[in-house]
Amino acid sequence: MTFTSYTSPPPSQPSPPAAGRREWIALGVLLLPCLLVSMDVSVLYFAVPFLTAELEPSSVQQLWILDVYGFVLAGLLITMGALGDRIGRRKLLLSGALLFGLASGVAAYAQSAEMLIAARALLGIGGATLMPSTLALIRNLFHDAKQRGKAVAIWSSAMMGGIAVGPVLSGALLEHFWWGSVFLINAPAMVLLLVCGPLLLPEFKNPAAGRFDLPGSLLSLLAMLPTVYGIKEIARDGLALRPVLVLAAGLLAAAAFVYRQRTARHPMLDLELFRHRGFSVSVLMNLLAMFAVVGCAVFFTQYLQTVRGMSPMEAALWNLLPTLAVGGMAPAAAVFAQRMDRAYVIALGFVIAAGGFVWLSWLEPGSALWFVLVASSVYASGLVMVMSLGNELAIGLAPPERAGSASALLESGTELGGALGMAILGSIGSAVYRADMADALPAGLPSAAADAARETLAGAAAVAAELPGRAGEALLTTARSAFTDGLQSAVLCAAGVMTCAAVLAVMLLRGLGRAGAEGEAGAAGAAGVPEAGEGVAGAPEAGEGVAGAPEAGAGTRPAHSGATPSIR
């Protein structure tokens with residue numbers, strides 16, 4: 001396989017059409033679903049005590065209220081990405097926005113735990129249509145590699161910001177309104193998207209995609225759902241038999257899905273994309289970055305609330321500061337990638353993240369708050385750089401007619417990365433905590449209380465509150481120290497993974513070019529993937545005002561492709 005690298009199109013080829021004001025306004029519209037989908041992952045954190053008091057869910061139902069959204073979202077990403085390529089990405093986006101808005105209303109006025117679980121599942125279905133559609137439409141709006149890099153950087157910042165903003169907005173709403181208000185905030189944004197979307201967003205689908213692969217869709221669902229569920233259950237309860245069997249079933253379904261995609265006449269995914277190292281490595285880099293983000297965020301939140309004694313709202317506000325501090329890192333990474341090999345920029349992002357994690361490994365229970373916030377800002381800065389450039393590279397390599405499937409694969413990788421981070425880093429931290437607490441419990445403590453204190457810091461805090469005087473203070477001090485030791489071990493593990501990822505980025509991505517897909521066009525062709533610059537073979541879409549002309553190098557497309565934009 002031969003890979004070529006150059007920084008500008010050959011003189012004989014026209015430059016890709018540049019996006020104008022209309023396209024950048026359309027990007028602003030696309031950020032609405034990004035923010036809301038990512039916010040809904042975390043928006044319930046503060047609302048749980050309120051809805052628990054009113055709906056009285058069982059412990060199992062409470063877990064499903066929190067988790068079903070993420071499970072359904074992860075399970076349907078690949079299906080929805082492939083469906084958008086077939087029926088049209090704008091159509092899928094607007095349909096998902098309608099479903100998301102209606103499900104938000106049902107969730108806000110749920111009268112029972114079962115009704116809320118069902119509404120959260122519907123929100124997951126809607127979210128699965130929104131996430132790959134937004135990134136795929138960016139591929140169709142921005143044909144120029146430099147502009148696309150900036151657009152994807154803004155999109156990546158919105159996704160990361162939504163996760164951090166969710167708890168803060170939730171806490172602010174709960175100060176003045178009932179728990180259902182955390183869902184109703186979705187409705188105005190979805191209405192705005194339904195109004196502005198048809199006016200600003202182009203429709204695009206692949207007429208050569210063939211029939212929808214229903215068996216493949218079912219296999220993708222059977223692969224993602226058990227895999228994510230099994231990983232999260234192992235992270236929560238350890239290596240029990242049931243989650244291990246569920247995880248094994250998910251992996252078997254994943255193998256069957258890959259076989260189906262290799263043999264089906266009209267597969268959901270074109271696995272040829274993975275033959276291009278730029279695409280496959282980008283998916284891996286995003287997975288590793290999300291592994292660190294989610295795995296360490298769990299410790300950071302607990303540290304602020306339980307070790308430092310902050311209220312949930314206070315912790316959420318302080319947690320927002322690192323996100324605001326790194327808001328400009330994604331656009332900065334896009335600028336750096338225009339001037340040097342992106343392999344080194346991605347590697348630099350991983351090195352910065354590793355430095356932030358090493359910094360956190362010196363954290364103590366009594367460390368100054370600025371010490372924690374600066375360290376978190378450092379590692380978040382590096383990971384934002386990595387994910388922004390990874391998204392942009394993968395989407396730039398995917399031909400426009402396959403952008404939906406490519407986006408879904410990227411999002412599926414980040415979901416798996418987050419679940420793995422929670423499982424692996426969480427298990428490391430918990431193991432260290434339990435080891436430190438094994439011989440530190442006061443004599444005469446009832447076995448149930450001892451088990452609770454030994455398992456989690458929250459459990460130790462609850463037990464300490466029941467003990468008299470200095471005994472309770474001593475137990476809580478020991479538990480906080482043990483938790484911090486666990487955090488130190490987890491972040492050192494994350495630093496090691498980030499260091500290895502930096503080396504891999506240089507080894508596997510070096511020489512693939514600088515900006516966007518321009519430097520990888522020849523490689524895509526060599527890998528059997530249509531060149532990213534081939535784009536759309538057809539005229540601009542009628543009435544859209546969006547540049548739809550062929551990208552640089554576009555000519556007669558291979559017979560198996562033949563995608564043209566649909567005219568609306």
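Things to note:
- Subset of the stretch 72-103 [over 26 Å from Arg211 (Cα atoms) and open to solvent by 10 Å² or more (accessible area, probe 1.4 Å)]: Gly101, Leu102
- So Ile65, is it in contact with a Lys or Arg (Cβ under 7 Å, 6 or more places away or on another chain), in a helix (DSSP H, G or I) and hydrophobic (A, V, I, L, M, F, W, C): yes
- Test: residue in the stretch 323-334 that is open to solvent by 20 Å² or more (accessible area, probe 1.4 Å) and closer than 22 Å to Arg480 by Cβ: no
- Contact annotation: residue pairs with Cβ atoms under 7 Å, 6 or more positions apart or on different chains, pairing a residue in the stretch 413-438 that is closer than 16 Å to Pro226 by Cβ with a partner that is of a type in the set (Phe, Trp, Tyr) and open to solvent by less than 40 Å² (accessible area, probe 1.4 Å), are Leu420/Phe291.
- Pair list, Cβ < 6 Å and 6+ apart or interchain, from the stretch 328-351 residues that are within 16 Å of Ala501 (Cβ to Cβ) to residues that are in a helix (DSSP H, G or I) and modelled with pLDDT under 80: Val345/Ala333; Val345/Ala337
- So Leu410, is it closer than 23 Å to Gln261 by Cα, out of contact with any Lys or Arg (no Cβ under 8 Å at 6 or more places or on another chain) and surrounded by 24 or more Cβ atoms within 10 Å (Cβ to Cβ): yes
- Criterion (modelled with pLDDT of 85 or more and either among the aliphatic types (A, V, I, L, M) or over 30 Å from Ala315 (Cα atoms) (or both)) met by exactly one of Ala97, Ala47: Ala97
- Filter result (under 25 Å from Asn186 (Cα atoms) and not polar (S, T, N, Q)) within the stretch 142-163: Ala151, Val152, Ala153, Ile154, Trp155, Ala158, Met159, Met160, Gly161, Gly162, Ile163
- Test: Leu122 is free of Cβ contacts under 8 Å to residues at least 40 places away in the same chain and within 22 Å of the chain's Cα centre (by Cα): yes
- Ala315 being farther than 30 Å from Met507 by Cβ and buried (at least 16 other Cβ atoms within 10 Å of the Cβ): yes
- Cys500, sole failed condition from (1) at pLDDT below 90; (2) open to solvent by 30 Å² or more (accessible area, probe 1.4 Å); (3) within 30 Å of Gly278 (Cα to Cα): (1)
- For the residues Pro226, Pro207, Pro243, Pro202, the requirement of being open to solvent by 50 Å² or more (accessible area, probe 1.4 Å) and on the phi < 0 side of the Ramachandran plot singles out Pro207.
- Residue in the stretch 246-258 that is at pLDDT below 80, among the aromatic types (Phe, Trp, Tyr) and outside any loop (DSSP other than H, G, I, E, B) present: no
- The stretch 144-155 - residue that is open to solvent by 10 Å² or more (accessible area, probe 1.4 Å) and not charged (D, E, K, R) and, of those, farthest from Leu30 (Cα to Cα): Gln147
- Any chance Ser282 is of a type in the set (Ser, Thr, Tyr) and surrounded by 18 or more Cβ atoms within 10 Å (Cβ to Cβ): yes
- Of all residues in the stretch 432-457, those that are open to solvent by 50 Å² or more (accessible area, probe 1.4 Å) and either in a helix (DSSP H, G or I) or touching a strand residue (DSSP E or B) at 6+ places or on another chain (Cβ under 6 Å) (or both) total 8.
- Pick from the stretch 458-488, criterion open to solvent by less than 40 Å² (accessible area, probe 1.4 Å) and in contact (Cβ under 8 Å) with a residue 60 or more places away in the chain, ranking: farthest from Ala431 (Cα to Cα): Ala461
- Just one of the listed residues (Ser367, Ser376) is buried (at least 24 other Cβ atoms within 10 Å of the Cβ) and within 30 Å of Gln305 (Cβ to Cβ), namely Ser376.
- The set of residues in the stretch 104-120 that are within 15 Å of Pro57 (Cβ to Cβ) and either open to solvent by 10 Å² or more (accessible area, probe 1.4 Å) or not charged (D, E, K, R) (or both) comprises Ala107, Ala110, Gln111, Ser112, Ala113, Glu114, Met115, Leu116, Ile117, Ala118, Ala119.
- Selection within the stretch 113-128 - under 20 Å from Leu51 (Cα atoms) and in contact with a helix residue (DSSP H, G or I) (Cβ under 6 Å, 6 or more places away or on another chain): Ala113, Leu116, Ile117, Ala119, Arg120, Ala121, Leu122, Leu123, Gly124
- Only one of the listed residues (Val60, Val41, Val106) is modelled with pLDDT of 85 or more and β-branched (Val, Ile, Thr). That residue is Val106.
The values are calculated or read from the model by the stated rules, or taken from the named source; none is laboratory data. None of these values were measured; they are calculated from a predicted model. Virtual Cβ from ideal backbone geometry, glycine too; neighbours counted across all protein chains shown. Protein only, heavy atoms only, side chains kept; ligands, DNA and RNA dropped before computing areas. Shrake-Rupley method; radii C 1.70, N 1.55, O 1.52, S 1.80 Å.
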